[in-house]
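One structure below.
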Amino acid sequence: MQLSLHTDYALRVLMALAASDEQLSVEWIARHYGISRNHLAKVAQGLQAEGYVVTFRGRGGGMRLARDARDINVGDVVRRFESLDGFISCMPGGGGCAIDGACGLKPALGGAIAAFLAYLDRFSLAAITTKPKKLMRRLEEEAPPTAS
């Protein structure tokens, strides 16, 4: 299983914000992670819409966590940003399957996804950002080239 870039970036933004004592701009985060500013702006909008971040416009603008990192659940973030319905064609949102209902793949994969999410539910954003100073030092080191 592979998370989409949208979910990956959402988790990275949240981790950077959890590690920082200051609000961070989309530009700063994109530059330091070496990812597309435009793509990250869409992720930031989604994080704001879901209530994970508060944004500030204008000069000196940026974003910060809307609540304490201990109150942000990693499993919840993945559920909100990842489309897991169409994981395989026989699941809701998939394209359909000729043998749907005649095999055991659907319940097996459904159980695997449920177990994956249940495991992620055990972690808060604070729990995955255990070394905030080290995380910020790594981000502030030489920034990788930004993807277009």
Among the helices (runs of 4 or more DSSP H) lying completely within segment 98-142, list those that include at least 2 residues that are modelled with pLDDT of 90 or more and of a type in the set (F, W, Y). 105-120
In segment 115-136, how many are of a type in the set (A, V, I, L, M) and surrounded by fewer than 12 Cβ atoms within 10 Å (Cβ to Cβ)? 2
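In this structure, does A69 turn out to be at pLDDT below 95 and either surrounded by 11 or more Cβ atoms within 10 Å (Cβ to Cβ) or not assigned by TED's automatic domain parsing to the domain that holds S4 (or both)?
So A69 does not fit the description; no.
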Tally up the residues in segment 43-77 that are in a strand (DSSP E or B) and either more than 16 Å from L11 (Cβ to Cβ) or of a type in the set (A, V, I, L, M, F, W, C) (or both), please. 8
Check segment 21-37 and report whether any residue there is farther than 18 Å from P144 by Cα and not charged (D, E, K, R). yes
Out of (1) modelled with pLDDT of 95 or more; (2) farther than 24 Å from G110 by Cβ; (3) not acidic (D, E), the one R37 does not meet is (1)
Can you tell me which residue within segment 101-114, out of those that are loosely packed, with under 13 Cβ neighbours inside 10 Å and among the aliphatic types (A, V, I, L, M), is farthest from D85 (Cα to Cα)? A102
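The values are calculated or read from the model by the stated rules, or taken from the named source; none is laboratory data. Since the structure is predicted, the reported quantities are computational estimates derived from the model, not experimental observations. Neighbour counts run over all protein chains shown; Cβ positions are idealised from the backbone, glycine included.
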